[in-house]
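J.: Have a look at this one before I ask anything.
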Amino acid sequence: MRKKTSTRAAEAGEGRQGRVRDPEALARMKASANRFITTVRSLTDEEARGTTLIPPWTRGHVVTHVARATDSLCRLLRSARTGLETPQYASMEARAAEIEAGAHRPVEALVADVLDAEARFDREIRALPPEAWRKEVRMRTGEHRTPAGLILTRIRELEVHHADLAAGYTFAHIPEVTARWIIDDIVAALHRRTDVHPLTIKSTDTALTHTLSPATNEGPTVSGPQAALLAWLSGRATPTSLTATPDNVPPPPTWI
């Protein structure tokens, strides 16, 4: 059953995935990384053990996850460059063990880890020959992405998990264009699924509108500020600023 969107921007995630070395995406990724690192640096060691928007993970868990996720994307970039398929993670058990092992480090070590992972990602990006930018690699979810799509993935990881730290940076702080990119990317992922219920999302403070809907049933419309829509679509607690018609705000669709 095919789903349609009411705006051209619904395909923006896939469109940017097809671009070769998109300077704007690279610049936004760098800005997202700088903001994330600035917040992590501001933490005390005690604060790094504090709670987040995604319990039971502490801030140390979230920061370590961002570093290890960056490394996993490096493996996929290397696959695009060499043509040798490498899994994003050895296993989900190994992924969880790595996060747990690094979660309890002091802030200085957490910052160094994120910076080192960022440097590795940058090296892999610079090493890609032109033809590699058109290669698709398989993520742990089974989704296929080009290197440009992996940049979108990293932007999403940095911004959503930055808000997860609950350390002053919220979904409302994500730059409007970057938040729109992330929403478009999530919606593009939903378009690839076959089990998404009819749904329309409509921003009350930007021009964003998306519809995922079989032709016979338009489903509910969820409305609110773009930042709140992103928080909800990301699976975080439903913001009180969201409303829905004709009923209450439903659980967000599963996209990953």
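J.: Check every DSSP H run in the chain and write down those whose alpha carbon atoms cover 24 angstrom or more along the long axis and whose mean Kyte-Doolittle hydropathy is -1.0 or greater.
T.: 23-42, 59-82, 107-127, 147-164
J.: What percent does the relative contact order of region 127-255 come to when contacts are Cα pairs within less than 8 Å and at least six residues apart?
T.: Once normalised by length, the contact order is 17 percent.
J.: Magnitude of the Cβ-charge dipole of the chain, K/R +1 and D/E -1, about the Cα centre, nearest 20 debye?
T.: With only Lys, Arg, Asp and Glu charged at Cβ, the dipole is about 740 debye.
J.: Remind me, relative contact order of the chain in percent, using alpha carbon pairs under 8 angstrom and six or more residues apart?
T.: Worked out over the chain, it gives 25 percent.
J.: Taking only C-alpha pairs under 8 Å that are 6+ residues apart, what is the relative contact order of region 75-129 in percent? It would help to have the intermediate numbers written out before the result.
T.: Values: 20 pairs, mean separation 24.6, N = 55.
Relative contact order, region 75-129: 45 percent.
J.: Now a separate question. With every protein chain kept in place and ligands, DNA and RNA left out, what is the accessible area per residue of region 24-131? Probe 1.4 Å, answer in Å².
T.: On a per-residue basis, region 24-131 sits at 48 Å².
J.: In whole percent, how big is the carbon plus sulfur part of the accessible area of the chain, probe 1.4 Å, protein atoms only?
T.: 54
J.: Sticking with this structure for a sec: Please list, in order along region 130-146, the HN-Hα scalar couplings obtained from phi with the Karplus expression 6.51 cos²θ - 1.76 cosθ + 1.60 (θ = phi - 60°), rounded to whole Hz, x for Gly and Pro.
T.: Per residue, the Karplus-derived 3J(HN,Hα) values read x, 5, 5, 5, 9, 7, 9, 10, 9, 7, 4, 7, x, 6, 9, 9, 7 Hz.
J.: Sticking with this one: Please grab the % of Cα pairs in the chain that end up more than 24 Å from each other.
T.: 49
J.: Can you give the accessible area per residue of region 193-246, in Å², using a 1.4 Å probe?
T.: Per residue, region 193-246 has 45 Å² of solvent-accessible surface.
J.: What is the spread of the Cα atoms of region 73-175 along each of their three principal axes, largest first, in whole Å?
T.: Answer, in whole Å and largest first: 41, 33, 25 Å.
J.: Starting from region 137-204, pick out the trypsin sites (Lys or Arg not before Pro) whose DSSP state is loop and whose Cβ has at most 14 other Cβ atoms within 10 Å.
T.: R140, R192, R193
J.: Pulled fully out, how much extra length does the chain show between L84 and E176, if you take 0.36 nm times their separation in residues and subtract their Cα-Cα distance?
T.: 29.4 nm
The values are calculated or read from the model by the stated rules, or taken from the named source; none is laboratory data. Since the model is a prediction, treat every value here as computed from it, not as a measurement. Quick reminder, even Gly has a Cβ in these numbers, built from the backbone with ideal geometry, and neighbours come from all protein chains shown. Keep in mind that these areas ignore ligands, DNA and RNA; they rest on the heavy atoms of the full protein, side chains included. Shrake-Rupley method; radii C 1.70, N 1.55, O 1.52, S 1.80 Å.
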